[in-house]
Amino acid sequence: MNLKDYIRSIPDYPKKGILFRDITTLIKDQNAFSETIDQIVERSKKYNFTKIAAIESRGFVFASAVSYILKKPFIMLRKKNKLPAEVHSIDFELEYGTATIEMHKDSIDENDNVLIIDDLIATGGTAEAAAKLIEISKGKIAAFVFVINLFDLGGSDNLIKKNYKIENLIEFPGH
């Protein structure tokens with residue numbers, strides 16, 4: 001199955017000049033979604049990790065299913081002011097603006113190796129912020145798994161330069 005066939009491209013969303021890669025067409029297809037989860041699970045098995053973290057919100061779709069299959073705890077990395085307990089917070093830049101993500105301070109222990117899952121990597125700002133949240137808590141990054149890599153926007157290259165391990169299922173140009 002070619003998962004690329006299930007990704008819809010929407011020009012000028014959320015702002016002019018952005019070519020948005022939409023995963024809703026992938027997750028609404030039972031077979032494509034199942035294949036995506038199976039591929040993430042298989043790629044994840046080569047890493048030693050104790051927990052799975054995902055970036056709000058589309059990363060949750062994939063990570064929760066993988067967490068269930070692999071019987072690993074699931075940690076949510078959320079937008080600012082969405083978590084009720086004490087949090088670590090990181091501000092970062094997106095391709096089309098700025099944002100903040102947070103994680104409960106008690107989510108990660110110093111002995112945790114964390115697999116981070118998200119739907120897409122573009123410039124890498126969100127992924128780097130996620131890594132910082134894990135590392136603030138003394139956790140280690142086992143690897144990142146992305147469904148889509150927008151290879152020409154440099155995010156995956158930046159993570160690799162910082163010695164993070166990267167997996168992606170699909171590649172597209174970002175523009």
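Between Gly97, Gly59, Gly139, which gets the highest mean-square fluctuation from a Gaussian network model of the chain, Cα cutoff 10 Å?
Gly97
May I ask you to evaluate 6.51 cos²θ - 1.76 cosθ + 1.60, the Karplus curve with θ = phi - 60°, for each residue of the stretch 99-104 and list the ³J(HN,Hα) values in order in whole Hz, giving x for glycine and proline?
7, 9, 10, 9, 9, 4
Please list the non-local residues whose amide H lies under 5 Å from the amide H of Val87, H modeled 1.01 Å from N, same-chain partners needing a gap of 5 or more.
Placed amide hydrogens put Lys105 under 5 Å from Val87.
Using θ = phi - 60° and the Karplus curve 6.51 cos²θ - 1.76 cosθ + 1.60, what whole-Hz ³J(HN,Hα) does each residue of the stretch 12-28 get, with Gly and Pro shown as x?
Residue by residue, the stretch 12-28 yields 6, 10, x, 8, 3, x, 8, 9, 7, 9, 9, 8, 4, 6, 6, 6, 7 Hz.
Given q = 0.08, 0.10, 0.12 Å⁻¹, what are the Debye log10 I(q)/I(0) values for the chain, with equal point scatterers placed on the Cα positions and solvent ignored?
With one equal scatterer per Cα and no solvent, log10 I(q)/I(0) is -0.22, -0.35, -0.51.
For the modelled label position 7 Å from the Cα of Lys46 along Cα-to-Cβ, which residues of the stretch 125-148 have backbone nitrogen atoms closer than 17 Å?
It comes to 142-148, nothing else.
Helix-only mean residue ellipticity at 222 nm, the chain, DSSP H runs n ≥ 4 weighted -39,500 (n - 2.57), per residue, nearest 500. What is it? Write out the running numbers ahead of the final one.
Working: 5 runs with 51 residues, N = 175.
My calculation for the chain gives -8500 deg cm²/dmol from helical runs alone.
Which value in nm describes the separation of the simple spin-label points at Lys16 and Asp152, placed 7 Å from the Cα toward the beta carbon?
Each label point lies 7 Å from its Cα, and together they span 2.0 nm.
Under the Karplus relation 6.51 cos²θ - 1.76 cosθ + 1.60, θ = phi - 60°, what is the ordered set of whole-Hz ³J(HN,Hα) values for the stretch 34-50, x standing for Gly and Pro?
Each residue of the stretch 34-50 in turn: 4, 5, 4, 4, 4, 5, 4, 4, 4, 5, 6, 4, 7, 10, 8, 9, 9 Hz.
Under a 5 Å amide H to amide H cut-off, with H placed in plane at 1.01 Å, what residues pair with Ala53 once short-range neighbours are removed?
Hits under the 5 Å cutoff: Ile75, Leu115, Ile116, Ile117.
Which loop trypsin sites (Lys or Arg not before Pro) in the stretch 2-78, with loop taken from DSSP, have no more than 13 other Cβ atoms within 10 angstrom of their Cβ? Walk me through the intermediate numbers first.
Values: sites: Lys4, Arg8, Lys15, Lys16, Arg21, Lys28, Arg43, Lys45, Lys46, Lys51, Arg58, Lys71, Arg78; in loops: Lys15, Lys16, Lys28, Lys45, Lys46, Lys71.
Here the trypsin sites (Lys or Arg not before Pro) that fit, given the DSSP loop and packing criteria, are Lys15, Lys16, Lys28, Lys45, Lys46, Lys71.
Debye calculation, C-alpha points only, no solvent: report log10 I(q)/I(0) for the stretch 71-175 at q = 0.11, 0.14, 0.21 Å⁻¹, in the same order as the q values.
-0.32, -0.53, -1.14
To check you understand DSSP bridge types, tell me what percent of the beta bridges within the stretch 3-172 (both residues inside) are antiparallel, rounded to 5.
Numbers: 14 of 36 bridges.
Bridges in the stretch 3-172 are about 40 percent antiparallel.
Given the options Glu135, Glu56, Glu110, state which has the largest fluctuation in a GNM of the chain using a 10 Å cut-off (strictly under) for Cα springs.
Per the Cα network of the chain with a 10 Å cutoff, Glu110 tops the list.
Taking H placed 1.01 Å from N in the peptide plane, check which residues at least 5 places from Ile141 or on another chain put their amide H under 5 Å from its amide H.
Hits under the 5 Å cutoff: Val114.
Counting pairs on different chains as well as pairs 8 or more places apart, how many Lys pairs in the stretch 2-125 have Cα atoms under 17 Å apart?
For the stretch 2-125, the number of qualifying lysine pairs is 11.
Bear in mind these aren't lab numbers, they're just calculated from the coordinates by the rules spelled out. These numbers were taken from a predicted model, which means no experiment stands behind them. Here the Cβ is made from the backbone with ideal geometry for all residues, glycine too, and neighbour counts use every protein chain on show.
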